[in-house]
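The values are calculated or read from the model by the stated rules, or taken from the named source; none is laboratory data. Predicted, not measured: the structure shown is a model, and the values here were computed from it. Neighbour counts run over all protein chains shown; Cβ positions are idealised from the backbone, glycine included.
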Amino acid sequence: MQIAADENSKATEAAGAPSPFVAPAGFTMLSVVMPCYRLAKTIGANLRTVAALLAPIPFEIVPVDDGSGDGTAEAIAEAAAEIGAGRCRPVLLAANGGKGAALVAGFRASRGSHVLLLDGDLDLDPARIWRFFEIMREKGADVVIGSKMHPESTIDYPWSRRLASFVYYSIVRALVRLPVHDTQTGMKLFTRAALGHAFDRMLTKRFAFDLEVLSILRDAGFRIAEAPITLDFGDKVGSLTLRNVRDVMWDTLAIFYRTRLLGYYKTLEPRPMPESPPAVTAVIACPGSSDMLRRCVEALAAQRASYPRLDAIVLPDATTGEAWPEWVREIPTGKVLPSDKRNLGIREARGEIVAFLDDDARPLEGWLEHAIPYFSDRAIGAVGGPAVTPPEDPFAAKMSGRVYASPLVSAGARRRYVPTRVTDEDDLPSCNLLVRASLLREIGGYDTAHWPGEDTILCLEISRRARLVYDPWVAAAHHRRPLFGPHLRQVSRYARHRGYFAKRFPETSRRPAYFVPSLLLLGTVGTALCAALAPLGRLPAALAAAGGGVLALYLALALLFSFSTRLRVWAWTFAGIVATHYAYGWNFLRGLFARSMPDGVKAFDHQGQDAP
């Protein structure tokens with residue numbers, strides 16, 4: 001493609017574009033996806049700058065507000081109206097999901113043959129885009145990434161950032177063997193095919209997002225080139241904290257494991273949305289109206305914008321008086337168990353897929369777009385994903401979520417709280433679970449003899465007939481109970497049923513990880529008894545010393561896994577991990593030795609159905 005110089009010469013020269021502009025093969029339009037977080041003061045001017053720069057070529061700007069809540073969305077809307085609806089098409093996310101999630105949402109909304117990922121703060125000069133195009137054309141590249149280490153780059157960058165970039169580059173080079181000098185610069189040009197390939201396979205939403213995209217493309221044989229940038233870091237403070245360094249390194253090691261050891265990305269085949277997507281009915285069991293329930297319905301309304309074949313059933317104890325939209329049906333149930341409510345929802349569901357949500361959970365961006373393609377495979381009966389702690393939760397609730405997310409607490413079940421990788425499962429919680437309606441009716445719905453734990457029984461029955469798939473992008477936000485009392489009461493209730501289920505349903509509940517907290521408790525009691533009896537002989541003294549050493553090691557591990565640069569967070573997490581282990585251990589034993597379990601408490605617990 002070539003844009004003639006006669007008509008656009010002056011505008012092209014003013015924008016810094018070559019005249020005439022020679023586009024790379026296959027070019028029809030450039031989509032600029034700009035993730036924005038709390039940029040209310042600057043994003044409007046930044047969008048206008050990009051629009052003026054790209055005037056000589058076909059383009060669209062897709063700014064993505066990542067749940068800023070500070071007026072960024074309003075500033076974007078104002079600038080979009082000025083630039084024009086066809087050339088500025090905002091995507092406004094209800095909750096902060098991280099840069100990776102924002103970029104994926106922007107890409108899904110874009111239409112261009114080529115896509116530029118550009119940080120919304122414009123600390124990188126977008127005028128370098130013309131050099132990016134030139135390099136893409138000359139080298140036949142599928143991806144051109146900005147590099148601070150390119151010899152033509154002009155950068156104003158603090159020495160601490162330069163050092164961090166060099167160290168991280170060295171680690172990436174050693175672990176992932178990616179043949180580029182800079183993975184993290186926020187200006188990258190892709191062909192649509194290349195970026196779509198990466199986004200269909202990626203897992204990381206936040207910290208090492210850029211590295212994962214490039215690793216996927218390198219493994220798939222896409223050609224990657226580097227281009228110079230102009231970087232003015234200015235007087236920004238930035239976010240180079242110990243916590244961020246830890247998070248980036250954790251994600252980087254995960255990518256190393258998936259790339260170099262598992263070859264994981266090569267095993268993934270994207271699943272396209274079926275030509276005739278199935279109808280979905282969301283079933284929300286709840287005690288009554290609440291702000292959380294309203295946010296859940298609002299999040300479902302956002303899903304309907306891209307997936308209109310969605311309706312919902314709200315199942316409160318009594319009429320709420322809410323003016324729900326026409327696609328939401330409210331069916332009062334009386335004061336019954338959540339399993340009874342969900343079974344009513346199954347009977348009333350019109351959709352081919354039933355999506356279970358708790359009223360204190362809400363689906364995140366792309367929930368249905370990622371879940372529904374799995375159901376094209378008739379061998380798959382259910383799909384679920386993580387239920388992450390929402391950022392607006394109060395401090396004590398966030399600490400509960402942090403405890404659950406600790407590998408020392410949840411072990412293999414950690415994927416329920418932190419996105420991991422696509423895998424088959426046999427026990428997923430009902431706060432975020434999509435199941436074929438025909439399969440639910442074949443099974444007979446939920447077992448109403450147990451609560452909590454009814455989702456464990458349902459998933460066991462599903463797994464005997466079909467596959468259950470976990471996908472990290474089929475995500476919901478789920479409010480947590482605050483540490484310590486409410487959190488520990490929830491843990492205790494689930495532990496009693498897990499202990500009882502270890503006898504009744506050994507396939508999914510008689511696993512070593514569930515017994516470990518009880519062993520810790522028994523070891524602690526045994527050590528205390530031996531210490532009390534130590535004056536009476538050598539054996540109790542030796543046993544007390546050995547037990548004390550094991551307990552010291554456990555406490556050291558709890559401290560390590562609780563680490564935070566914020567002392568208050570570290571202390572709360574450490575105390576929460578220890579308290580959770582002892583509460584779980586005691587109540588697991590109670591359930592293990594119980595002859596039967598009560599039918600459940602009739603009072604609905606609407607804050608947390610996900611079993612630890």
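I want to confirm something. Restricting to the stretch 364-423 and keeping residues that are assigned to a helix (DSSP H, G or I) and among the charged types (D, E, K, R), which single residue is nearest to N96 (Cα to Cα)?
Taking the candidates together, the pick is K398.
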Matching residues in the stretch 100-120 - criterion: being touching a Leu at 6+ places or on another chain (Cβ under 6 Å) and over 23 Å from L203 (Cα atoms): G112
Answer with yes or no whether E507 is in the same structural domain as P419 (by TED's automatic domain parsing), not hydroxyl-bearing (S, T, Y) and not in a loop (DSSP other than H, G, I, E, B). no
I'd like the full set of residues that are touching a helix residue (DSSP H, G or I) at 6+ places or on another chain (Cβ under 8 Å) and of a type outside the set (D, E, K, R), limited to the stretch 72-92. T72, A75, I76, A79, A80, I83, C88, P90, V91, L92
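May I ask you to list the residues in the stretch 120-150 that are of a type in the set (G, A, S) and within 20 Å of Y168 (Cβ to Cβ)? Walk me through it before giving the result.
So in the stretch 120-150, the residues of a type in the set (G, A, S) come out as 120, 127, 140-141, 146-147.
G146, S147, listed by residue number.
Please list, ordered by residue number, the strands (runs of 3 or more DSSP E) wholly in the stretch 142-209 having 3 or more residues that are surrounded by 22 or more Cβ atoms within 10 Å (Cβ to Cβ) and outside the structural domain of G366 (by TED's automatic domain parsing).
Values: elements: 143-146, 154-156, 187-191.
Strands (runs of 3 or more DSSP E) meeting the threshold: 143-146, 187-191.
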Mind checking which pairs have a first residue in the stretch 397-424 that is of a type in the set (D, E) and a second that is assigned to a helix (DSSP H, G or I), Cβ under 9 Å, 6 or more apart or different chains? D424/S463
Just wondering, is there one or more residues in the stretch 445-455 that are more than 26 Å from D317 (Cβ to Cβ), in the same structural domain as E330 (by TED's automatic domain parsing) and surrounded by fewer than 19 Cβ atoms within 10 Å (Cβ to Cβ)? no
Filtered residues of the stretch 216-241 (kept if assigned to a helix (DSSP H, G or I) and either at pLDDT 90 or above or hydrophobic (A, V, I, L, M, F, W, C) (or both)): I216, L217
Matching residues, the stretch 505-523, being buried (at least 17 other Cβ atoms within 10 Å of the Cβ) and not aromatic (F, W, Y): T508, S509, P517, S518, L520, L521
Of the residues A411, A449, which is out of contact with any Asp or Glu (no Cβ under 9 Å at 6 or more places or on another chain), modelled with pLDDT under 95 and more than 30 Å from G69 (Cα to Cα)? A411
Among (1) crowded, with 22+ Cβ neighbours inside 10 Å; (2) at pLDDT 95 or above, there is one condition A437 misses while meeting the rest; what is its number? (1)
Could you grab me the full set of residues in the stretch 309-323 that are of a type outside the set (D, E, K, R) and part of a strand (DSSP E or B)? L310, A312, I313, V314, L315
With the requirement that a residue be over 30 Å from the mean Cα position of the chain (by Cα) and of a type in the set (K, R), what does the stretch 308-363 give you? K335, R347
If E134 passes every condition in (1) at pLDDT 90 or above; (2) of a type in the set (D, E); (3) surrounded by 18 or more Cβ atoms within 10 Å (Cβ to Cβ) but one, which one does it miss? (3)
Scanning for something in a strand (DSSP E or B), closer than 29 Å to V104 by Cβ, among the small types (G, A, S) and at pLDDT 90 or above, does the stretch 457-466 turn up at least one residue? no
I'd like the full set of residues that are surrounded by fewer than 22 Cβ atoms within 10 Å (Cβ to Cβ), in contact with a strand residue (DSSP E or B) (Cβ under 7 Å, 6 or more places away or on another chain) and under 10 Å from V62 (Cβ atoms), limited to the stretch 92-109. A109
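Quick one: how many residues across the stretch 472-492 are of a type in the set (V, I, T), touching a Ser or Thr at 6+ places or on another chain (Cβ under 7 Å) and either surrounded by fewer than 21 Cβ atoms within 10 Å (Cβ to Cβ) or under 17 Å from T420 (Cβ atoms) (or both)?
Taking the stretch 472-492 and keeping what is of a type in the set (V, I, T), we get 474, 491.
Subset that is touching a Ser or Thr at 6+ places or on another chain (Cβ under 7 Å): 491.
Adding the requirement that they be either surrounded by fewer than 21 Cβ atoms within 10 Å (Cβ to Cβ) or under 17 Å from T420 (Cβ atoms) (or both) leaves none.
Within the stretch 472-492, residues that are of a type in the set (V, I, T), touching a Ser or Thr at 6+ places or on another chain (Cβ under 7 Å) and either surrounded by fewer than 21 Cβ atoms within 10 Å (Cβ to Cβ) or under 17 Å from T420 (Cβ atoms) (or both) number 0.
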So which residues in the stretch 65-95 are in contact (Cβ under 8 Å) with a residue 40 or more places away in the chain and either part of a helix (DSSP H, G or I) or under 26 Å from the mean Cα position of the chain (by Cα) (or both), if there are any at all? G67, I76, L93, A94, A95
Failed condition for K266, given (1) charged (D, E, K, R); (2) under 25 Å from V422 (Cα atoms); (3) under 20 Å from the mean Cα position of the chain (by Cα): (3)
Expected output for the stretch 112-130 (first residue within 16 Å of M29 (Cβ to Cβ), partner part of a loop (DSSP other than H, G, I, E, B) and among the aromatic types (F, W, Y), Cβ below 8 Å, 6+ apart or cross-chain) is S113/F27; H114/F27
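If you take the residues in the stretch 553-585 that are assigned to a helix (DSSP H, G or I) and among the polar types (S, T, N, Q), which one is farthest from G485 (Cα to Cα)? Please lay out each step first, then the result.
The initial filter retains those residues of the stretch 553-585 that are assigned to a helix (DSSP H, G or I), namely 553-561, 567-585.
After this cut, where a residue has to be among the polar types (S, T, N, Q) as well, the list is 573, 580.
On the way: T573: 14, T580: 11 Å.
Here the answer is T573.
Taking the condition of being in a strand (DSSP E or B) and closer than 15 Å to P386 by Cα, how many residues in the stretch 467-485 meet it?
Within the stretch 467-485, the first condition is being in a strand (DSSP E or B), and the residues that meet it are 467-470, 476-478.
The next check asks that each one be closer than 15 Å to P386 by Cα; those that pass are 468-470, 476-478.
Counting residues in the stretch 467-485 that are in a strand (DSSP E or B) and closer than 15 Å to P386 by Cα gives 6.
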